[in-house]
Amino acid sequence: MNVSFNKLNDVTGQLTVTLDEKDYADKVKKTLKQISKNRPEPGFRPGHTPMGLLEKKYGKSVKYDVINQEVGDAVFNYIKENKLNVLGNPMPEANEDFDLDKADFTFTFKVGLAPEITTHVDKDMHIPYYTIQVTDEMIDRQSEQLRQRFGEQVKGEEVDSNAVIKGVITELDENGQPKADGIVVENGILAPRHFTSDEQKALFEGHKLGDQIIFNPAATCDGNEIELSSMLNIPREETADHKGNFSFDIKEIIVLKPAELNQEYYDQVFGKDQVHNEEEYREALRSMIATQLTADSNFRFSIDAKDVITKAVGEIELPTEILVSYLMQQNAELTREDAEKQFEAMRGDLVWQLIRDAVAAQLDVKVEEDDLRNVARLMAQQQFAQYGMTNVPAEALDKYADDILKDRNARQQVANQAADMKIFGAIKEAVTVDDKEVSVEEFNALFQPQA
C-alpha cells in the first residue's frame, strides 16, 4: 500500500491511496473463513464450505468492505502520523473507472487544511481591562442582603415586604359578606412577597395585628390551581369555583429581623476571627464584591481580546467547498444552498476556534487535571454562595467538585471553561493591558449596541 499527499494550495490537499492485491487478499480470505464458521451452507459442516463457493457468494461484498476499511485506516493513520491539521473529513473524489473485479485500486481524497495563522499576540497588542468600582452603595446593599440571609424570623407588629402573615381566610359573596357555606380557613398562611400581582401585594403592606384585608386569592397567583389549592385547602379541581374576593383577618405577623453586626454574624459570613469590627466588615465586603465583579471584568476582557486578536489576524482563507460538502455528508437532507447558508452562519465561530488554537499553541497553554479541579471547585463555591453559604469547608468543596467531574457532560463543560480561563489568562500576560476603572453604569454601557 502506498499513501501520498500533495498540497494543492494553502488550505487544500489531495491524499492518494494505492492498494495492491497483496494489501487486502489475506484479510478477505480470513473474513470468508469466518463467514463459513458462522453461516454454514446447506450440505456443509460449519467451517468446511469450499472457498470457491464462498468467494462466488460473498467474495465481492467482503472484498468491498475490506478495501473500504483498509483505505479508511490508511487515510486516518497518514493524517495522524504526519500531523495534518485537517478541517472536516477527507472527501473522496469520484472514480469513474472503479471496478471491483480489478486487483489493484487507487483512491483520491480532497482534504481541507487549517490555515497558518499569525496571531500578533505580543506586547505591541493593546487590550482594555475594565475594573468596576466598588461603591459604598454596593457595600450597603450587600450588607443588607447578608444580614437578612443570616437574620431570624420574629413576631412583628406590622406587615412589611418580607413578612409572613397568619390568620383567618374567609370567602365573601358579591355583597362583600361572608358567603353562606363558603370556604373558611382558620389557620391560613400567606407570604405576599411571592404573589405574582403587585396590586395584591400592596393590599397587605403596612397592616397590623387585628386588621382585615379584602383580597383575591386567584389574582395573587394568576389562577394557578396548585397555589390556590394550597392556600384555600381545597382540591385542585374545585379551585375554578372560587375566583372571587376573600377576607383575611390578621392574627399573627412574622417578620425577618436582620442579623446584628456582632462577632457571631461576622464569623458566620467570613469564618471564625476573620473580621472583628464594622470597619473590617465593610472592607471585607468591599473585597467580596470586588472578587465577584472580577468575573464580569474577565468576561468583558474575553470579548475585547477576541475582537482585537481577530482584527489583527485579518481575513482567513478556509477550504469552503470541502467544508460545505462535509456538512452535506453529515446531513443527507441538506441541499447545497442550505449547506452553504449553514456554513456562513458557523464561519465566525470556526475562525475564532482556529485563532484560539493558534494562540494556545503559541503561548503553550495546556489544560491539566488540576485546572479542571480548580474550575469545578469554583463552580461549587458559586453554587453554595447562591444559598448564602460563603464559608464552606474545603473538604466539602472538594467533594462537590469530584461529583461535578464524575458527570460526563458537566466534565466537558468544566474542561471548556478551564481552557478559556487559561487561554485568556495567558493572553492577558502576553499583551499590554490598558487598565480602566469604570462605574457599573459605564461598564454596562459597554454591552449596549454602539451607534
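The values are calculated or read from the model by the stated rules, or taken from the named source; none is laboratory data. A quick note: this is a predicted structure, and the numbers were derived from the prediction, not measured. Virtual Cβ from ideal backbone geometry, glycine too; neighbours counted across all protein chains shown. Surface areas here come from the heavy atoms of the whole protein model, side chains and all, with no ligands, DNA or RNA. Shrake-Rupley method; radii C 1.70, N 1.55, O 1.52, S 1.80 Å.
Among the residues of the stretch 214-264, what is the count of those that are open to solvent by 50 Å² or more (accessible area, probe 1.4 Å), over 17 Å from Asp173 (Cβ atoms) and in a loop (DSSP other than H, G, I, E, B)?
8
Could you run through the stretch 298-342 and say how many residues are of a type in the set (A, V, I, L, M), under 30 Å from Leu446 (Cβ atoms) and surrounded by 14 or more Cβ atoms within 10 Å (Cβ to Cβ)?
6
Ala74 fails exactly one of the following numbered conditions: (1) in a helix (DSSP H, G or I); (2) touching a residue at least 60 places away in the same chain (Cβ under 8 Å); (3) open to solvent by 40 Å² or more (accessible area, probe 1.4 Å). What is the number of that condition?
Every listed condition holds for Ala74 apart from (3).
Kindly establish whether Glu96 is farther than 30 Å from Asn9 by Cβ and modelled with pLDDT under 95.
Here the answer is no, as Glu96 does not meet what is asked.
Go through the stretch 425-451 and give me each residue that's part of a helix (DSSP H, G or I) and open to solvent by less than 30 Å² (accessible area, probe 1.4 Å).
The answer is Ala426, Ile427, Ala430, Phe443.
What number goes with the only condition from (1) under 30 Å from Gln292 (Cα atoms); (2) surrounded by fewer than 12 Cβ atoms within 10 Å (Cβ to Cβ) that Gly151 does not pass?
Unmet condition: (2).
So the check is Cβ under 9 Å with 6+ separation or different chains; which pairs have a first residue in the stretch 424-442 that's within 18 Å of Ile289 (Cβ to Cβ) and a second one that's of a type in the set (A, V, I, L, M, F, W, C) and surrounded by 13 or more Cβ atoms within 10 Å (Cβ to Cβ)?
Glu437/Ile132; Val438/Ile132; Val438/Leu446; Ser439/Ile132; Val440/Ile132; Val440/Met138; Val440/Leu293; Glu442/Ile132
Mind counting the residues in the stretch 366-378 that are of a type outside the set (Asp, Glu) and open to solvent by 30 Å² or more (accessible area, probe 1.4 Å)?
Count: 6.
Tell me, yes or no, whether the stretch 34-57 has at least one residue that is of a type in the set (Val, Ile, Thr) and either closer than 30 Å to Val3 by Cβ or open to solvent by 30 Å² or more (accessible area, probe 1.4 Å) (or both).
Yes: the stretch 34-57 contains one or more residues that are of a type in the set (Val, Ile, Thr) and either closer than 30 Å to Val3 by Cβ or open to solvent by 30 Å² or more (accessible area, probe 1.4 Å) (or both).
Hey, among Ser325, Ser287, which residue is in contact with a strand residue (DSSP E or B) (Cβ under 7 Å, 6 or more places away or on another chain), more than 27 Å from Gln412 (Cβ to Cβ) and part of a helix (DSSP H, G or I)?
Going through Ser325, Ser287 in turn, just one is in contact with a strand residue (DSSP E or B) (Cβ under 7 Å, 6 or more places away or on another chain), more than 27 Å from Gln412 (Cβ to Cβ) and part of a helix (DSSP H, G or I): Ser325.
Would a scan of the stretch 81-92 turn up a residue that is at pLDDT below 90, open to solvent by 40 Å² or more (accessible area, probe 1.4 Å), in contact with a helix residue (DSSP H, G or I) (Cβ under 6 Å, 6 or more places away or on another chain) and outside any helix (DSSP H, G or I)?
So far as the stretch 81-92 goes, yes, one or more of its residues are at pLDDT below 90, open to solvent by 40 Å² or more (accessible area, probe 1.4 Å), in contact with a helix residue (DSSP H, G or I) (Cβ under 6 Å, 6 or more places away or on another chain) and outside any helix (DSSP H, G or I).
In the stretch 134-148, which residues are loosely packed, with under 15 Cβ neighbours inside 10 Å and either among the polar types (S, T, N, Q) or touching a residue at least 60 places away in the same chain (Cβ under 8 Å) (or both)?
Thr135, Glu144, Gln145, Gln148, listed by residue number.
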